[in-house]
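Visitor: One structure is given below, represented as structure tokens, and several questions about it will come after.
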Amino acid sequence: MIKKIKSIKNMATFNNFDWDTSVIENDGTISEFKLINIIYGRNYSGKTTISRIIRALETGHLSEKYLNPEFIVNIHNNQNVAHTNLKNHNQVIRVFNEDFVRENLNFIYNPDDSIKSFAIGSINNDIEIKVKEKEVTLGSELLNTGLYAELLVKQNSLNNSSTTASQAKISLNNKLDKKATDRNSGIKYSKHNYDQNYTITKLQKDINLTLETSLVALDEDQIQSFRLLLKEEQKPEISETVLHSLKLIDLNKNAKELVEKKISITTAIQDLLNDSLLEDWARKGISLHKNKRTECGFCGNKIPHELWSKLDNHFNKESENLREDIEQLIIKIDNENLGMDTYLSIDPKSFYSKFTSEIQSLKDSLALELKEYKKNLKSIKKQLSERLLKISQPTVFELTNDNSEALSSIVSSYEDLRIKSNLFTNTLSSTQANAKNKLRLQEVVEFIEAINYQSELENVNSLATEESSQKLAFDETNKNIKTLKQEIQSLKDQLKDEGKAADRVNHYLNNYFGHAFLSIKAIEDETGKRFEVIRKNIKAHHLSEGECSLIAFCYFIAKLDDVETKNSKPIVWIDDPISSLDSNHIFFIFSLISTEIVQPDSFKQLFISTHNLDFLKYLKRISDNSSHHRAHFIIERNYENSHLKKMPSYLKDYVTEFNFLFKELYNCAKADGSHEENHDCFYNFGNNARKFLEAFLFYKYPNSTSDKLKLEKFFGDLNSPIITDRINNEYSHLGGMLDRSMSPVDVPEMKKVARTILLKINSNDSDQFEALCESINKV
């Protein structure tokens, strides 16, 4: 229930609206709204503005045309609802005001428009039982029962499962991301420059490839080989080697012939034969002395002529030819030996690293074979040199091991490697790419083993499966809730009847207001369902303001029984429903409120505001049931500020002015003239008595008889009318009797006249007198 409207600011009709905190109840508390609240206020005092505030609590929105509005409405349990939290309550509220009419009965403002339809419930016990059964199964989201409770349990399970699965997945993804893109350890920033655009997605593909192909880890030599390959830069082409032809075979053959060749000497000098050094000395001496000197260059003695003949016989032409042939062959051997120094130059640095092992092996083999080759040449030369020393003595030649074919094989292998290395230049990029790929996959293999990837992946997949299972269970329950809600709504739709809603409005129009010729009709076409106002079976146009007001209010009363409102006991706020209505219709509006809202006790709290005193007169008579606690308020506007106050007694306590005047007479008759607080009633007695008697005697004698005759007839004697008329006239006028204003009021006479009037009313009609006393609480 609404307890207070604490304050309203910056609304359209006034700047400030305040609850008058000076209004104090008998127990000392500030006045609050009660079960039934009647609010009186003149036009433009702020009644509609307050109704718009309450309607904002119903609809959840306030007109955007209010600039910076502020308000606070205090609900039960001291809950405050403000302009910033319009939905911060659980009250069912229904407001009748201009905005309600504009929203639902737009035909009033646009004659070509119609009325928004609504449905009221029909009676079908079987369907209602099914609805209740399904609603029990569905339960309450607010109270956490039924399927909603089950859904909450599954929601919590799903949340826990989702959190666990998400954490496991995030943990694994973080490891993958670090391996893929971390600046210190990531594959993207590897010094081997695998892939500058490497991502976690590519890492995942590599992991899948590794697992699918059961990739075996590389050994350390393979890893080192690939890393060296990645360091390779493109090398110049290795030129073909022009080689010295090997002559070892021929040298062996020729040397054998010369070493083993036999020569004939006619007369040999035995000493020379015995001493090869001496023989060589003698041979060299011949070249230095013959035909050049007559004396010996060594001893100075004369050379005998016959010595030259002996020496010529010893060193004959055949031996000298042999000597010359041997010396020439030795020169060839020396040349061959020199040629072998540059036979084949192998530079491993000219080859790519992948050929390093083979080329180094060839180089080592070449060195050994060249050494062997030179050793063979040396052996041949040695045997030739020995024959020179004993030119006349042939010896057996020892053949050397010919390794020419081994050298040729090395040359052939070298050529193969040279060609391969040159060709490798063309495939270096692709080969390096392959090396990068294998080294990258090697890192992936090591990463998989390091984090136990497959175990982690199985855990992630297991948790994801569990999450999926929980999600299916949650979705199934949620689906059941939606299905059940649809079934409930479908069953409720069977209880809806727009036609009955129209009949209800027509019932009010006909039975309360007698408009049998004016009705509304439920219509359904391609645009949907709506109501139209019908007059003589055709759509009505040019309705009067009064007719529009009646239809609008009947529509509102009927809508309190629609399917959204029925049995909810809403807070009802009715703002000035009697616009453009005559007195009869005003009474019927009151009757409709009383019989359809108040008497059935179908509301939680009721507010009715009006500017019309006739309507207020009826509202003050609304239900005297002690369970209905009523409060009366008045809105007073002072320039731009308005205040909501307790209704003053003269408006609240008296149904009519006639009752008020009777109370003043009664008080005067009972008052003690010596008390100063009662003196006002004596000064006002003349006016009050005169007006009361005029009204009272008019209804008692409703003919054209003069006031004097009516007084005489009422009192039945001549004295009482004369005294009464004199006091009434003299004390209600000063014209022509200014001297009376200089004298005090004659209290005893007034009390006497007042008592006389009351006694006469009581003696003439005691029932009427008791009713008048009851109306002023003087029973």
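Readers should treat all values here as calculations from the given coordinates under stated rules, not as data from a laboratory. Keep in mind that what you see is a predicted model, and the values were worked out from it rather than measured. Cβ sites come from the backbone with ideal geometry, for glycine too, and all protein chains shown count toward neighbours.
Visitor: Using label points projected 7 Å from each Cα along Cα→Cβ, tell me how many nm separate residue 243 and residue 705, to one decimal.
Guide: The modelled label-to-label distance comes out at 16.7 nm.
Visitor: Stretch residue 199-residue 182 to full length: gain in nm at 0.36 nm per residue minus the Cα-Cα span?
Guide: Result: 5.1 nm gained on full extension.
Visitor: At residue 299 and residue 415, where each label point lies 7 Å from the Cα along Cα→Cβ, what is the point-to-point distance in nanometres?
Guide: 6.4
Visitor: Could you pull out every residue, at least 5 positions away or on a different chain, whose amide H is within less than 5 Å of the one on residue 520? Hs are placed 1.01 Å off N in the peptide plane, and Pro or chain starts have none.
Guide: Close amide H contacts, sequence-distant or interchain: 506, 534.
Visitor: Something else: Using alpha carbons only, how many angstrom separate the centre of segment 414-435 from the centre of segment 539-605?
Guide: 101
Visitor: What FRET efficiency, computed as 1/(1 + (r/R0)^6) with R0 = 35 Å and r the Cβ-Cβ distance, is obtained for residue 61 and residue 132, rounded to the nearest 0.05?
Guide: Values: r = 33 Å, r/R0 = 0.94.
Rounded to the nearest 0.05, the efficiency is 0.60.
Visitor: A further question follows. What's log10 of I(q)/I(0) for segment 165-229 at q = 0.23 Å⁻¹, Debye sum over Cα points only, no solvent?
Guide: These q points yield log10 I(q)/I(0) values of -1.10.
Visitor: While we're on this one: Output the peptides 604-611, 377-384, 65-72 sorted from most to least packed, where packing is the average of other Cβ atoms within 10 Å over each peptide's residues.
Guide: 604-611, 377-384, 65-72
Visitor: At q = 0.20 Å⁻¹, work out log10 I(q)/I(0) for segment 110-266 with the Debye formula, treating every Cα as an identical point scatterer and leaving solvent out; two decimals please.
Guide: -1.32
Visitor: Past the 20 Å Cα-Cα mark, which pairs from 670/752; 134/500; 87/500; 256/390?
Guide: Those over the limit are 134/500; 87/500.
Visitor: Given R₀ = 56 Å, FRET efficiency for residue 567-residue 752 by Cβ-Cβ distance, to 0.05?
Guide: Efficiency computed from Cβ-Cβ geometry: 0.35.
Visitor: Now, a different point. Which whole-angstrom value gives the distance between the alpha carbon centres of segment 373-409 and segment 142-168?
Guide: Centre-to-centre (Cα) distance: 102 Å.
Visitor: Looking only at segment 426-446, which residues have a backbone nitrogen under 19 Å from a spot 7 Å from the Cα of residue 220 in the C-beta direction?
Guide: What the label zone holds, given the 19 Å backbone N cut-off, is 439, 442-443, 446.
Visitor: Moving to a separate point now. If you consider only alpha-carbon coordinates, what radius of gyration and Dmax does segment 527-605 have, in Å?
Guide: For segment 527-605, the Cα radius of gyration and maximum Cα-Cα distance read 14.4, 40 Å.
Visitor: Could you tell me which of the pairs 566/652; 262/381; 617/708; 202/354; 205/438 are separated by over 23 angstrom between their Cα atoms in the structure shown?
Guide: Values: 566/652 32 Å; 262/381 19 Å; 617/708 32 Å; 202/354 29 Å; 205/438 14 Å.
Pairs exceeding the cut-off: 566/652; 617/708; 202/354.
Visitor: Using a Förster distance of 35 Å, how high is the FRET efficiency between residue 649 and residue 766, based on the Cβ-Cβ distance and rounded to 0.05?
Guide: 0.80
Visitor: To continue, here is another question. Whole-Å semi-axes of segment 321-401's equivalent ellipsoid, largest first, each the root of 5 times a Cα gyration tensor eigenvalue?
Guide: Computed over segment 321-401, the values are 37, 12, 6 Å.
Visitor: Quick one: length gained pulling residue 579 to residue 342 fully straight, 0.36 nm per residue minus the C-alpha distance?
Guide: 72.4 nm
Visitor: What nm value, rounded to one decimal, do you get for the distance between residue 166 and residue 375 when each label is placed 7 Å out toward the C-beta?
Guide: About 8.2 nm, to one decimal.
Visitor: Now for a different question. Multiply the residue separation of residue 190 and residue 382 by 0.36 nm, subtract the distance between their alpha-carbon atoms, and state the gained length in nm to one decimal.
Guide: Here the segment from residue 190 to residue 382 would lengthen by 62.8 nm.
Visitor: For segment 333-371 and segment 169-230, what is the separation of their Cα centres, given in Å?
Guide: Cα centres, segment 333-371 to segment 169-230: 41 Å.
Visitor: Between 397, 448, 412, whose Cα lies farthest towards the positive end of the dipole of segment 363-518 when Lys and Arg beta carbons carry +1 and Asp and Glu beta carbons carry -1, centred on the Cα centre?
Guide: Of the options given, the answer is 397.
Visitor: By what distance, in whole Å, do the Cα atoms of segment 426-474 stretch along each of the three principal axes, largest value first?
Guide: 62, 22, 7
Visitor: Continuing with this model, one more query. Of the peptides 472-483, 88-99, how do they stack up when ordered by the mean number of other Cβ atoms within 10 Å, highest first? Each step should come with its number before you reach the end.
Guide: Values: 472-483: 14.2, 88-99: 17.9.
Highest-to-lowest ranking by the protection proxy: 88-99, 472-483.
Visitor: In segment 408-437, which residues have a backbone nitrogen under 20 Å from the label point lying 7 Å from residue 232's Cα in the Cα-to-Cβ direction?
Guide: Zone members listed by number: 413-437.
Visitor: Search the structure for amide H atoms under 5 Å from the amide H of residue 95, placed 1.01 Å from N in the peptide plane, and list their residues when 5 or more places away or on another chain.
Guide: 573
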